[in-house]
Amino acid sequence: MSDIQEIMHQFDHGRGNQWMQFVNSITVDNIHGWTGQEIKFRFPVVAIVGANGVGKSTFLKAAACAYQNEVGKTFYPSKVFMSTRWDEGALSNATITYNVRIGTETKKLRWKKTNDWGFSPKTSKPKRSVYFLDISRTLPLDATAGYAKIAKTATEEAGRGVELDNEHLRELSYVLGQEYSRARFTKTNVNTAREVGLLTNRHGEISQFHQGAGEDSMLDVFKLLQRIKNQSLLIIDEVENSLHPQAQRRFIRYLIKLARVKKLQIILSTHSPFVLDELPPIARIMLVKLSDRKDILYEVSTEYALSTIDDVAHPELQVYLEDKEANALFWEIIKIQRPDCYRDYCNKIKTTAVGSYDIVNTLDSLAKNNKLPFKSLSIVDGDKKDECPNCLAFPGSLAPEKQVMLNLKSKNWAGVSTRFGIGSGSLYSVLDEAILNPDHHCWTTEIGNKIMKSKDEVWSILIEIWVKECLSPEEASVFVQAIDDTLDEIR
(Lines give C-alpha, C1' and ligand atoms only; values in the text may rest on other atoms or scores of the structure.)
Protein backbone atom coordinates (compact mmCIF):
# COMPACT_ATOMS: atom_id res chain seq x y z
CA MET A 1 0.00 0.00 0.00
CA SER A 2 1.37 3.43 -0.96
CA ASP A 3 1.88 6.18 1.60
CA ILE A 4 -1.09 8.08 0.14
CA GLN A 5 -3.36 5.03 0.35
CA GLU A 6 -2.21 4.34 3.89
CA ILE A 7 -2.92 7.93 4.92
CA MET A 8 -6.35 7.75 3.28
CA HIS A 9 -7.06 4.67 5.39
CA GLN A 10 -5.66 6.12 8.62
CA PHE A 11 -7.00 9.63 8.24
CA ASP A 12 -10.40 8.60 6.86
CA HIS A 13 -10.95 12.11 5.48
CA GLY A 14 -10.74 13.72 8.88
CA ARG A 15 -12.76 11.22 10.88
CA GLY A 16 -9.77 9.25 12.13
CA ASN A 17 -8.09 10.22 15.39
CA GLN A 18 -4.49 9.20 14.68
CA TRP A 19 -3.91 12.86 13.85
CA MET A 20 -4.56 14.11 17.38
CA GLN A 21 -3.90 17.72 16.37
CA PHE A 22 -5.38 19.08 13.16
CA VAL A 23 -6.54 22.37 11.67
CA ASN A 24 -9.82 21.42 9.98
CA SER A 25 -10.52 24.85 8.51
CA ILE A 26 -9.58 28.53 8.54
CA THR A 27 -11.93 31.41 7.74
CA VAL A 28 -10.35 34.78 6.93
CA ASP A 29 -12.34 38.01 6.89
CA ASN A 30 -11.12 41.47 5.91
CA ILE A 31 -7.49 40.52 5.36
CA HIS A 32 -5.95 41.14 1.93
CA GLY A 33 -9.25 40.96 0.10
CA TRP A 34 -10.70 37.87 1.77
CA THR A 35 -14.25 38.41 2.94
CA GLY A 36 -15.18 35.41 5.09
CA GLN A 37 -14.16 32.53 2.81
CA GLU A 38 -13.32 29.25 4.54
CA ILE A 39 -10.49 26.99 3.49
CA LYS A 40 -10.91 23.34 4.50
CA PHE A 41 -8.07 20.88 4.98
CA ARG A 42 -9.23 17.36 4.16
CA PHE A 43 -5.88 15.59 3.91
CA PRO A 44 -2.77 15.77 6.12
CA VAL A 45 -0.61 17.14 3.29
CA VAL A 46 -2.15 19.86 1.13
CA ALA A 47 -0.83 22.25 -1.50
CA ILE A 48 -2.40 25.67 -2.01
CA VAL A 49 -1.98 26.97 -5.55
CA GLY A 50 -2.92 30.29 -7.12
CA ALA A 51 -1.61 33.39 -8.85
CA ASN A 52 0.76 35.76 -7.09
CA GLY A 53 -1.12 38.08 -4.76
CA VAL A 54 -4.26 35.94 -4.49
CA GLY A 55 -3.60 35.16 -0.83
CA LYS A 56 -1.74 31.87 -0.45
CA SER A 57 0.61 33.33 2.15
CA THR A 58 -2.36 34.85 3.99
CA PHE A 59 -3.74 31.41 4.80
CA LEU A 60 -0.30 29.98 5.58
CA LYS A 61 0.40 32.76 8.06
CA ALA A 62 -3.07 32.43 9.54
CA ALA A 63 -2.49 28.70 10.08
CA ALA A 64 0.72 29.40 11.99
CA CYS A 65 -1.14 31.72 14.38
CA ALA A 66 -3.62 29.08 15.57
CA TYR A 67 -1.41 27.67 18.32
CA GLN A 68 0.87 28.48 21.23
CA ASN A 69 4.12 27.20 19.72
CA GLU A 70 5.96 24.57 21.78
CA VAL A 71 9.22 24.58 19.81
CA GLY A 72 9.99 28.21 19.07
CA LYS A 73 8.50 31.64 18.80
CA THR A 74 4.71 31.80 18.76
CA PHE A 75 3.22 33.42 15.69
CA TYR A 76 0.79 36.33 16.22
CA PRO A 77 -1.40 38.17 13.68
CA SER A 78 0.01 41.47 14.92
CA LYS A 79 3.42 40.35 13.61
CA VAL A 80 2.54 38.46 10.42
CA PHE A 81 -0.23 40.91 9.39
CA MET A 82 1.52 44.04 10.55
CA SER A 83 -0.41 47.30 10.44
CA THR A 84 1.42 50.19 8.78
CA ARG A 85 0.58 53.82 8.16
CA TRP A 86 -0.43 52.90 4.59
CA ASP A 87 -2.73 49.94 5.15
CA GLU A 88 -3.92 49.85 8.73
CA GLY A 89 -7.50 50.46 7.61
CA ALA A 90 -7.34 47.35 5.45
CA LEU A 91 -7.22 45.23 8.62
CA SER A 92 -10.00 47.02 10.50
CA ASN A 93 -12.21 44.43 12.26
CA ALA A 94 -10.27 41.61 10.63
CA THR A 95 -10.97 38.12 11.96
CA ILE A 96 -9.37 34.70 11.63
CA THR A 97 -11.60 31.83 12.70
CA TYR A 98 -10.38 28.26 13.13
CA ASN A 99 -11.98 24.89 13.51
CA VAL A 100 -9.35 22.61 15.05
CA ARG A 101 -9.36 19.04 16.27
CA ILE A 102 -7.68 18.19 19.56
CA GLY A 103 -7.92 14.47 20.15
CA THR A 104 -11.52 13.50 19.51
CA GLU A 105 -12.89 16.99 20.19
CA THR A 106 -13.25 19.97 17.88
CA LYS A 107 -12.89 23.56 19.03
CA LYS A 108 -13.59 26.93 17.52
CA LEU A 109 -10.86 29.54 17.95
CA ARG A 110 -10.76 33.13 16.79
CA TRP A 111 -8.50 36.11 16.41
CA LYS A 112 -10.23 39.50 16.04
CA LYS A 113 -8.67 42.89 15.48
CA THR A 114 -10.16 45.99 17.04
CA ASN A 115 -7.47 48.34 18.36
CA ASP A 116 -5.26 45.29 18.72
CA TRP A 117 -5.63 41.59 18.03
CA GLY A 118 -7.52 39.60 20.64
CA PHE A 119 -7.83 35.81 20.89
CA SER A 120 -10.79 33.78 22.10
CA PRO A 121 -11.21 31.74 24.16
CA LYS A 122 -8.70 33.84 26.10
CA THR A 123 -7.39 31.22 28.51
CA SER A 124 -7.22 28.07 26.44
CA LYS A 125 -5.12 28.61 23.34
CA PRO A 126 -4.02 25.11 22.29
CA LYS A 127 -0.35 24.20 22.28
CA ARG A 128 1.35 22.54 19.33
CA SER A 129 4.74 22.33 17.67
CA VAL A 130 4.61 24.72 14.71
CA TYR A 131 7.32 25.08 12.06
CA PHE A 132 7.01 27.80 9.40
CA LEU A 133 9.50 27.78 6.53
CA ASP A 134 9.02 30.98 4.57
CA ILE A 135 10.75 32.04 1.39
CA SER A 136 13.76 33.42 3.32
CA ARG A 137 15.03 29.84 3.71
CA THR A 138 16.26 30.00 0.10
CA LEU A 139 18.60 32.95 0.69
CA PRO A 140 22.28 32.06 0.14
CA LEU A 141 24.10 31.77 3.44
CA ASP A 142 26.46 34.64 2.68
CA ALA A 143 23.42 36.88 2.09
CA THR A 144 21.97 36.04 5.52
CA ALA A 145 22.55 38.49 8.35
CA GLY A 146 25.67 37.71 10.36
CA TYR A 147 27.18 35.11 8.03
CA ALA A 148 29.35 37.28 5.80
CA LYS A 149 31.78 37.81 8.67
CA ILE A 150 31.91 34.06 9.34
CA ALA A 151 32.72 33.36 5.72
CA LYS A 152 35.61 35.82 5.75
CA THR A 153 37.20 35.33 9.18
CA ALA A 154 36.35 31.89 10.63
CA THR A 155 39.49 29.80 11.19
CA GLU A 156 38.29 26.82 13.21
CA GLU A 157 35.18 24.94 14.33
CA ALA A 158 33.77 25.39 17.81
CA GLY A 159 31.23 23.50 19.86
CA ARG A 160 29.22 20.46 18.90
CA GLY A 161 26.90 20.66 15.92
CA VAL A 162 24.06 18.59 14.51
CA GLU A 163 24.66 15.65 12.18
CA LEU A 164 22.07 14.01 9.96
CA ASP A 165 21.49 10.37 10.82
CA ASN A 166 21.77 7.68 8.16
CA GLU A 167 18.04 7.64 7.39
CA HIS A 168 17.81 11.37 6.74
CA LEU A 169 21.13 11.37 4.89
CA ARG A 170 19.74 8.73 2.51
CA GLU A 171 16.54 10.70 2.02
CA LEU A 172 18.47 13.92 1.34
CA SER A 173 20.62 12.10 -1.20
CA TYR A 174 17.54 10.65 -2.87
CA VAL A 175 15.71 13.98 -3.08
CA LEU A 176 18.68 15.82 -4.59
CA GLY A 177 19.79 12.90 -6.77
CA GLN A 178 23.36 12.90 -5.43
CA GLU A 179 25.11 10.56 -3.05
CA TYR A 180 26.29 12.20 0.15
CA SER A 181 28.34 10.32 2.71
CA ARG A 182 27.91 12.90 5.45
CA ALA A 183 25.81 15.95 6.30
CA ARG A 184 26.49 18.03 9.38
CA PHE A 185 26.33 21.47 10.94
CA THR A 186 29.14 23.15 12.82
CA LYS A 187 29.75 26.35 14.73
CA THR A 188 32.84 28.51 14.39
CA ASN A 189 35.18 30.53 16.56
CA VAL A 190 33.67 33.70 15.07
CA ASN A 191 30.11 33.12 16.27
CA THR A 192 29.08 30.03 18.22
CA ALA A 193 25.40 30.94 17.85
CA ARG A 194 25.36 30.47 14.07
CA GLU A 195 25.76 27.10 12.38
CA VAL A 196 27.20 26.37 8.97
CA GLY A 197 26.01 23.29 7.08
CA LEU A 198 28.47 20.96 5.38
CA LEU A 199 27.87 18.20 2.85
CA THR A 200 30.37 15.49 1.90
CA ASN A 201 30.21 13.93 -1.55
CA ARG A 202 32.81 12.09 -3.62
CA HIS A 203 34.64 15.39 -4.19
CA GLY A 204 35.00 16.14 -0.50
CA GLU A 205 33.26 18.34 2.07
CA ILE A 206 31.66 21.60 0.95
CA SER A 207 30.07 24.32 3.08
CA GLN A 208 26.77 26.08 2.51
CA PHE A 209 28.74 29.08 1.29
CA HIS A 210 29.55 27.11 -1.86
CA GLN A 211 26.67 24.65 -2.18
CA GLY A 212 24.02 24.97 -4.85
CA ALA A 213 20.81 26.72 -3.86
CA GLY A 214 18.90 23.43 -3.70
CA GLU A 215 21.55 21.77 -1.54
CA ASP A 216 21.76 24.78 0.76
CA SER A 217 18.02 25.03 1.40
CA MET A 218 17.38 21.25 1.57
CA LEU A 219 20.19 20.71 4.08
CA ASP A 220 18.53 23.16 6.47
CA VAL A 221 15.10 21.63 5.86
CA PHE A 222 16.33 18.10 6.57
CA LYS A 223 17.95 19.26 9.80
CA LEU A 224 14.51 20.45 10.86
CA LEU A 225 12.73 17.32 9.62
CA GLN A 226 15.11 15.09 11.54
CA ARG A 227 13.97 16.60 14.83
CA ILE A 228 10.36 17.45 14.01
CA LYS A 229 7.95 16.22 16.67
CA ASN A 230 4.97 13.95 16.13
CA GLN A 231 1.64 15.74 15.54
CA SER A 232 3.42 18.95 14.47
CA LEU A 233 2.14 21.55 12.03
CA LEU A 234 4.65 22.16 9.23
CA ILE A 235 4.11 25.09 6.84
CA ILE A 236 6.30 25.65 3.77
CA ASP A 237 5.88 28.64 1.49
CA GLU A 238 6.71 27.98 -2.20
CA VAL A 239 7.93 24.46 -1.48
CA GLU A 240 9.47 24.02 -4.95
CA ASN A 241 11.92 26.94 -4.68
CA SER A 242 15.48 26.08 -5.78
CA LEU A 243 14.54 22.47 -6.62
CA HIS A 244 14.56 20.92 -10.07
CA PRO A 245 11.47 18.89 -11.11
CA GLN A 246 12.78 15.48 -10.03
CA ALA A 247 13.79 16.87 -6.64
CA GLN A 248 10.37 18.50 -6.23
CA ARG A 249 8.60 15.21 -6.83
CA ARG A 250 10.88 13.27 -4.50
CA PHE A 251 10.62 15.87 -1.75
CA ILE A 252 6.82 15.80 -1.83
CA ARG A 253 6.87 11.99 -1.65
CA TYR A 254 9.13 12.22 1.37
CA LEU A 255 6.85 14.77 3.07
CA ILE A 256 3.87 12.47 2.51
CA LYS A 257 5.81 9.58 4.03
CA LEU A 258 6.84 11.74 6.99
CA ALA A 259 3.24 12.87 7.52
CA ARG A 260 2.16 9.24 7.65
CA VAL A 261 4.90 8.15 10.07
CA LYS A 262 4.82 11.15 12.42
CA LYS A 263 1.18 12.15 11.91
CA LEU A 264 2.13 15.63 10.77
CA GLN A 265 -0.15 18.20 9.20
CA ILE A 266 1.71 19.85 6.32
CA ILE A 267 0.43 22.92 4.47
CA LEU A 268 2.33 24.01 1.36
CA SER A 269 2.02 26.78 -1.19
CA THR A 270 3.19 26.17 -4.74
CA HIS A 271 3.13 27.17 -8.40
CA SER A 272 4.58 23.85 -9.53
CA PRO A 273 2.82 21.17 -11.60
CA PHE A 274 5.32 18.62 -10.30
CA VAL A 275 4.23 19.25 -6.72
CA LEU A 276 0.53 19.03 -7.58
CA ASP A 277 1.02 15.83 -9.58
CA GLU A 278 2.41 14.03 -6.53
CA LEU A 279 -0.66 14.81 -4.42
CA PRO A 280 -4.11 13.24 -4.64
CA PRO A 281 -6.91 15.53 -5.85
CA ILE A 282 -8.27 15.94 -2.30
CA ALA A 283 -4.95 17.55 -1.36
CA ARG A 284 -5.07 20.28 -4.03
CA ILE A 285 -6.61 23.62 -3.07
CA MET A 286 -6.80 26.49 -5.53
CA LEU A 287 -7.35 30.15 -4.66
CA VAL A 288 -8.92 32.16 -7.47
CA LYS A 289 -9.84 35.77 -8.21
CA LEU A 290 -13.37 36.04 -9.55
CA SER A 291 -14.98 39.15 -10.96
CA ASP A 292 -16.33 40.24 -7.56
CA ARG A 293 -14.40 38.31 -4.94
CA LYS A 294 -11.76 35.71 -4.14
CA ASP A 295 -12.81 32.10 -3.77
CA ILE A 296 -11.55 28.57 -3.10
CA LEU A 297 -11.75 25.50 -5.37
CA TYR A 298 -10.97 21.95 -4.31
CA GLU A 299 -9.71 18.85 -6.14
CA VAL A 300 -8.59 20.77 -9.21
CA SER A 301 -6.54 19.07 -11.89
CA THR A 302 -2.93 20.10 -12.35
CA GLU A 303 -3.73 21.19 -15.89
CA TYR A 304 -6.50 23.54 -14.78
CA ALA A 305 -4.50 25.01 -11.91
CA LEU A 306 -1.49 25.83 -14.05
CA SER A 307 -3.39 26.99 -17.13
CA THR A 308 -5.39 29.40 -14.97
CA ILE A 309 -2.32 31.14 -13.57
CA ASP A 310 -0.32 31.03 -16.81
CA ASP A 311 0.00 34.24 -18.80
CA VAL A 312 -1.49 33.14 -22.11
CA ALA A 313 -4.12 34.65 -24.37
CA HIS A 314 -7.64 33.37 -23.78
CA PRO A 315 -9.64 31.98 -26.72
CA GLU A 316 -13.28 32.90 -27.32
CA LEU A 317 -14.58 29.99 -25.26
CA GLN A 318 -13.15 27.99 -22.39
CA VAL A 319 -14.56 24.46 -22.22
CA TYR A 320 -14.19 22.57 -18.96
CA LEU A 321 -14.27 18.78 -18.90
CA GLU A 322 -13.54 16.15 -16.28
CA ASP A 323 -10.44 14.43 -17.67
CA LYS A 324 -8.28 13.98 -20.76
CA GLU A 325 -10.45 11.10 -22.03
CA ALA A 326 -13.41 13.49 -22.11
CA ASN A 327 -11.18 16.09 -23.74
CA ALA A 328 -10.25 13.72 -26.58
CA LEU A 329 -13.87 12.64 -27.06
CA PHE A 330 -14.99 16.28 -27.29
CA TRP A 331 -12.63 17.01 -30.16
CA GLU A 332 -13.42 13.76 -31.96
CA ILE A 333 -17.13 14.61 -32.01
CA ILE A 334 -16.35 18.12 -33.29
CA LYS A 335 -14.07 16.72 -35.99
CA ILE A 336 -16.69 14.30 -37.31
CA GLN A 337 -19.57 16.76 -37.09
CA ARG A 338 -17.75 19.85 -38.42
CA PRO A 339 -14.93 18.53 -40.65
CA ASP A 340 -14.84 21.59 -42.93
CA CYS A 341 -14.41 24.13 -40.14
CA TYR A 342 -12.61 22.01 -37.55
CA ARG A 343 -9.59 24.35 -37.46
CA ASP A 344 -11.88 27.28 -36.69
CA TYR A 345 -13.11 25.46 -33.60
CA CYS A 346 -9.51 24.74 -32.60
CA ASN A 347 -8.75 28.46 -32.77
CA LYS A 348 -11.88 29.56 -30.93
CA ILE A 349 -12.03 26.98 -28.14
CA LYS A 350 -9.62 25.99 -25.40
CA THR A 351 -10.47 22.77 -23.55
CA THR A 352 -9.21 22.02 -20.07
CA ALA A 353 -9.56 18.87 -17.99
CA VAL A 354 -10.26 20.28 -14.53
CA GLY A 355 -10.75 17.20 -12.35
CA SER A 356 -13.90 15.79 -10.79
CA TYR A 357 -17.43 16.53 -11.99
CA ASP A 358 -17.87 18.64 -8.84
CA ILE A 359 -15.28 21.08 -10.16
CA VAL A 360 -16.95 21.14 -13.59
CA ASN A 361 -20.30 21.84 -11.92
CA THR A 362 -18.82 24.57 -9.70
CA LEU A 363 -17.25 26.31 -12.70
CA ASP A 364 -20.57 26.09 -14.54
CA SER A 365 -22.31 27.80 -11.63
CA LEU A 366 -19.69 30.54 -11.45
CA ALA A 367 -19.97 31.14 -15.20
CA LYS A 368 -23.76 31.37 -15.15
CA ASN A 369 -23.52 33.94 -12.36
CA ASN A 370 -20.98 35.98 -14.36
CA LYS A 371 -18.21 35.37 -11.83
CA LEU A 372 -15.58 34.22 -14.33
CA PRO A 373 -13.65 36.77 -16.42
CA PHE A 374 -14.27 34.87 -19.67
CA LYS A 375 -16.99 32.90 -21.44
CA SER A 376 -17.01 29.22 -20.61
CA LEU A 377 -18.94 26.00 -21.10
CA SER A 378 -18.89 23.07 -18.67
CA ILE A 379 -19.39 19.51 -19.92
CA VAL A 380 -19.82 16.48 -17.67
CA ASP A 381 -19.66 12.80 -18.52
CA GLY A 382 -22.93 11.11 -19.44
CA ASP A 383 -23.19 9.33 -16.08
CA LYS A 384 -23.24 12.68 -14.25
CA LYS A 385 -25.97 14.46 -16.22
CA ASP A 386 -28.58 13.92 -13.49
CA GLU A 387 -26.26 15.23 -10.77
CA CYS A 388 -25.29 18.28 -12.87
CA PRO A 389 -28.51 19.18 -14.73
CA ASN A 390 -27.30 22.66 -15.69
CA CYS A 391 -24.17 21.39 -17.45
CA LEU A 392 -23.97 20.10 -20.98
CA ALA A 393 -23.41 16.32 -20.92
CA PHE A 394 -21.80 13.96 -23.38
CA PRO A 395 -24.17 11.72 -25.35
CA GLY A 396 -25.13 8.55 -23.52
CA SER A 397 -25.69 7.73 -19.88
CA LEU A 398 -22.36 6.15 -18.92
CA ALA A 399 -18.81 7.26 -18.24
CA PRO A 400 -17.05 7.74 -21.62
CA GLU A 401 -14.88 4.62 -21.30
CA LYS A 402 -17.91 2.47 -20.53
CA GLN A 403 -20.10 4.14 -23.17
CA VAL A 404 -17.53 3.71 -25.92
CA MET A 405 -16.34 0.19 -25.21
CA LEU A 406 -19.68 -1.37 -24.28
CA ASN A 407 -21.30 0.14 -27.37
CA LEU A 408 -18.51 -1.21 -29.56
CA LYS A 409 -18.77 -4.64 -27.94
CA SER A 410 -22.51 -4.69 -28.66
CA LYS A 411 -21.57 -4.25 -32.34
CA ASN A 412 -19.05 -7.10 -32.12
CA TRP A 413 -16.15 -4.62 -32.07
CA ALA A 414 -17.03 -3.40 -35.55
CA GLY A 415 -14.02 -2.01 -37.42
CA VAL A 416 -11.73 -2.22 -34.39
CA SER A 417 -9.45 -4.97 -35.68
CA THR A 418 -8.71 -3.12 -38.91
CA ARG A 419 -7.81 0.14 -37.14
CA PHE A 420 -5.51 -1.58 -34.66
CA GLY A 421 -3.90 -3.73 -37.36
CA ILE A 422 -4.17 -6.82 -35.16
CA GLY A 423 -5.94 -10.10 -35.83
CA SER A 424 -9.49 -10.06 -34.53
CA GLY A 425 -9.16 -13.24 -32.50
CA SER A 426 -6.39 -12.06 -30.20
CA LEU A 427 -7.56 -8.42 -30.12
CA TYR A 428 -11.13 -9.24 -29.16
CA SER A 429 -9.86 -11.39 -26.33
CA VAL A 430 -7.81 -8.45 -25.00
CA LEU A 431 -10.78 -6.08 -25.27
CA ASP A 432 -13.19 -8.51 -23.61
CA GLU A 433 -10.78 -9.11 -20.72
CA ALA A 434 -10.20 -5.40 -20.17
CA ILE A 435 -13.86 -4.56 -19.62
CA LEU A 436 -14.05 -7.17 -16.86
CA ASN A 437 -11.90 -4.88 -14.71
CA PRO A 438 -14.23 -3.09 -12.23
CA ASP A 439 -12.25 0.16 -12.65
CA HIS A 440 -13.11 1.47 -16.12
CA HIS A 441 -10.35 4.08 -15.85
CA CYS A 442 -7.83 1.22 -16.25
CA TRP A 443 -9.32 -0.30 -19.40
CA THR A 444 -7.25 1.57 -22.00
CA THR A 445 -4.05 1.12 -19.99
CA GLU A 446 -4.67 -2.61 -19.74
CA ILE A 447 -5.32 -2.89 -23.48
CA GLY A 448 -2.29 -0.80 -24.36
CA ASN A 449 0.03 -2.87 -22.18
CA LYS A 450 -1.01 -6.03 -24.00
CA ILE A 451 -0.76 -4.73 -27.57
CA MET A 452 2.22 -2.40 -27.11
CA LYS A 453 0.41 0.91 -27.57
CA SER A 454 -0.03 3.85 -25.24
CA LYS A 455 -3.36 4.20 -23.50
CA ASP A 456 -3.90 7.52 -25.29
CA GLU A 457 -3.40 5.86 -28.67
CA VAL A 458 -5.85 3.12 -27.71
CA TRP A 459 -8.44 5.65 -26.62
CA SER A 460 -7.98 7.75 -29.77
CA ILE A 461 -8.69 4.75 -32.00
CA LEU A 462 -11.68 3.58 -29.97
CA ILE A 463 -13.44 6.94 -29.88
CA GLU A 464 -12.87 7.53 -33.60
CA ILE A 465 -14.65 4.25 -34.36
CA TRP A 466 -17.35 4.89 -31.75
CA VAL A 467 -18.24 8.32 -33.13
CA LYS A 468 -18.56 6.86 -36.64
CA GLU A 469 -20.25 3.56 -35.80
CA CYS A 470 -22.22 4.09 -32.57
CA LEU A 471 -23.01 7.76 -31.98
CA SER A 472 -26.30 8.67 -33.58
CA PRO A 473 -26.22 11.73 -35.90
CA GLU A 474 -29.09 13.25 -33.91
CA GLU A 475 -27.23 13.05 -30.56
CA ALA A 476 -24.03 14.34 -32.12
CA SER A 477 -25.88 17.24 -33.75
CA VAL A 478 -27.57 18.26 -30.50
CA PHE A 479 -24.23 18.15 -28.65
CA VAL A 480 -22.35 20.28 -31.18
CA GLN A 481 -25.26 22.67 -31.58
CA ALA A 482 -25.06 23.48 -27.87
CA ILE A 483 -21.43 24.43 -28.39
CA ASP A 484 -22.33 26.55 -31.42
CA ASP A 485 -25.06 28.31 -29.45
CA THR A 486 -22.57 29.23 -26.74
CA LEU A 487 -20.15 30.61 -29.32
CA ASP A 488 -23.00 32.59 -30.90
CA GLU A 489 -23.82 34.17 -27.53
CA ILE A 490 -20.29 35.57 -27.39
CA ARG A 491 -20.74 37.31 -30.69
Item to check | First in the stretch 371-399 and assigned by TED's automatic domain parsing to the domain that holds HIS440 and in a helix (DSSP H, G or I), second anywhere and hydrophobic (A, V, I, L, M, F, W, C) and buried (at least 19 other Cβ atoms within 10 Å of the Cβ), Cβ under 6 Å, 6 or more apart | outcome: none
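Limited to the stretch 115-132, what total is found for residues that are among the aliphatic types (A, V, I, L, M) and touching a Pro at 6+ places or on another chain (Cβ under 7 Å)?
The first filter runs over the stretch 115-132 and keeps only residues among the aliphatic types (A, V, I, L, M), leaving 130.
Of the ones still in play, those that are also touching a Pro at 6+ places or on another chain (Cβ under 7 Å) are none.
Result for the stretch 115-132: 0.
For ARG194, are the conditions met, namely being more than 16 Å from GLN248 (Cα to Cα) and part of a strand (DSSP E or B)?
On the way: more than 16 Å from GLN248 (Cα to Cα): yes; part of a strand (DSSP E or B): no.
Judged against the criteria, ARG194 is not a match.
With a cut-off of at least 2 residues that are under 24 Å from ASN52 (Cβ atoms) and not hydrophobic (A, V, I, L, M, F, W, C), name the helices (runs of 4 or more DSSP H) lying wholly within the stretch 251-344. Talk me through it step by step, then tell me what you get.
Values: elements: 273-277, 302-309, 324-337.
The qualifying helices (runs of 4 or more DSSP H) are 273-277, 302-309.
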Next on the checklist: Looking at the stretch 323-333, can you tell me whether even one residue there is surrounded by 16 or more Cβ atoms within 10 Å (Cβ to Cβ) and touching a Lys or Arg at 6+ places or on another chain (Cβ under 8 Å)?
Outcome noted: no
Next on the checklist: Please count how many residues of the stretch 346-365 are closer than 24 Å to ILE461 by Cβ and free of Cβ contacts under 8 Å to residues at least 40 places away in the same chain.
Outcome noted: 2
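If you go through the stretch 54-98 one residue at a time, how many are outside any helix (DSSP H, G or I) and of a type in the set (A, V, I, L, M, F, W, C)? Please lay out each step first, then the result.
Restricting attention to the stretch 54-98, the residues satisfying the condition of being outside any helix (DSSP H, G or I) are 54-55, 65-76, 81-87, 92-98.
Those still in the list that are of a type in the set (A, V, I, L, M, F, W, C) too: 54, 65-66, 71, 75, 81-82, 86, 94, 96.
Of the residues in the stretch 54-98, 10 are outside any helix (DSSP H, G or I) and of a type in the set (A, V, I, L, M, F, W, C).
Going by the structure shown, is TYR298 modelled with pLDDT of 95 or more, among the hydroxyl-bearing types (Ser, Thr, Tyr) and out of contact with any Gly (no Cβ under 7 Å at 6 or more places or on another chain)? Explain how you work it out, then say what you get.
Details: modelled with pLDDT of 95 or more: no; among the hydroxyl-bearing types (Ser, Thr, Tyr): yes; out of contact with any Gly (no Cβ under 7 Å at 6 or more places or on another chain): yes.
It is false that TYR298 is modelled with pLDDT of 95 or more, among the hydroxyl-bearing types (Ser, Thr, Tyr) and out of contact with any Gly (no Cβ under 7 Å at 6 or more places or on another chain).
When you check VAL23 against the structure, is it in contact (Cβ under 8 Å) with a residue 12 or more places away in the chain and part of a loop (DSSP other than H, G, I, E, B), yes or no?
On the way: in contact (Cβ under 8 Å) with a residue 12 or more places away in the chain: yes; part of a loop (DSSP other than H, G, I, E, B): no.
No; evaluated as a whole, the condition is false for this residue.
Matching residues to (1) assigned by TED's automatic domain parsing to the domain that holds PHE274; (2) among the β-branched types (Val, Ile, Thr); (3) surrounded by 14 or more Cβ atoms within 10 Å (Cβ to Cβ):
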| position | (1), (2), (3) |
| --- | --- |
| GLN10 | yes, no, yes |
| MET20 | yes, no, no |
| ASP29 | yes, no, yes |
| PHE41 | yes, no, yes |
| GLY55 | yes, no, yes |
| CYS65 | yes, no, yes |
| ASN69 | yes, no, yes |
| THR84 | yes, yes, no |
Checklist outcome for this item: Note on the stretch 275-322: residues of a type in the set (Ser, Thr, Tyr) and either out of contact with any Leu (no Cβ under 6 Å at 6 or more places or on another chain) or surrounded by fewer than 19 Cβ atoms within 10 Å (Cβ to Cβ) (or both) are SER291, TYR298, SER301, TYR304, SER307, THR308
Item to check | VAL221 being within 20 Å of VAL175 (Cβ to Cβ), among the β-branched types (Val, Ile, Thr) and either outside the structural domain of GLU163 (by TED's automatic domain parsing) or touching a Pro at 6+ places or on another chain (Cβ under 8 Å) (or both) | outcome: no
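Could we say that VAL80 is closer than 30 Å to GLU215 by Cβ, assigned by TED's automatic domain parsing to the domain that holds ASP12, in contact with a Lys or Arg (Cβ under 7 Å, 6 or more places away or on another chain) and at pLDDT 80 or above here? Can you show your working first?
On the way: closer than 30 Å to GLU215 by Cβ: yes; assigned by TED's automatic domain parsing to the domain that holds ASP12: yes; in contact with a Lys or Arg (Cβ under 7 Å, 6 or more places away or on another chain): yes; at pLDDT 80 or above: yes.
For VAL80, the condition - closer than 30 Å to GLU215 by Cβ, assigned by TED's automatic domain parsing to the domain that holds ASP12, in contact with a Lys or Arg (Cβ under 7 Å, 6 or more places away or on another chain) and at pLDDT 80 or above - is met.
Residues are listed down the side, and each one gets a yes or a no for (1) of a type in the set (Lys, Arg); (2) at pLDDT below 90; (3) loosely packed, with under 15 Cβ neighbours inside 10 Å; (4) assigned by TED's automatic domain parsing to the domain that holds GLU238:
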| site | (1), (2), (3), (4) |
| --- | --- |
| GLY159 | no, yes, yes, no |
| ASP165 | no, no, yes, no |
| SER173 | no, no, no, no |
| LEU176 | no, no, no, no |
| GLU179 | no, no, yes, no |
| THR192 | no, yes, yes, no |
Checklist entry - Of the residues that make up the stretch 443-464, is at least one loosely packed, with under 15 Cβ neighbours inside 10 Å, within 20 Å of LYS411 (Cα to Cα) and not assigned by TED's automatic domain parsing to the domain that holds ILE336? => result no
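Of all the helices (runs of 4 or more DSSP H) wholly in the stretch 400-460, which have at least 3 residues that are under 30 Å from SER356 (Cβ atoms)?
Details: elements: 400-410, 416-420, 424-434, 443-451.
Once the helices (runs of 4 or more DSSP H) in the stretch 400-460 are filtered for at least 3 residues that are under 30 Å from SER356 (Cβ atoms), what remains is 400-410, 424-434, 443-451.
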Checklist entry - If you check ARG101 against the conditions, is it over 21 Å from THR114 (Cα atoms), outside any strand (DSSP E or B) and either at pLDDT 95 or above or in contact with a Phe, Trp or Tyr (Cβ under 8 Å, 6 or more places away or on another chain) (or both)? => result no
Item to check | So THR445, is it over 23 Å from PHE394 (Cα atoms) and among the β-branched types (Val, Ile, Thr) | outcome: no
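The values are calculated or read from the model by the stated rules, or taken from the named source; none is laboratory data. Predicted model only: the values in this text are computed from it and were never measured. Counting neighbours? That spans all protein chains shown, and the Cβs are built from the backbone with ideal geometry, glycine included.
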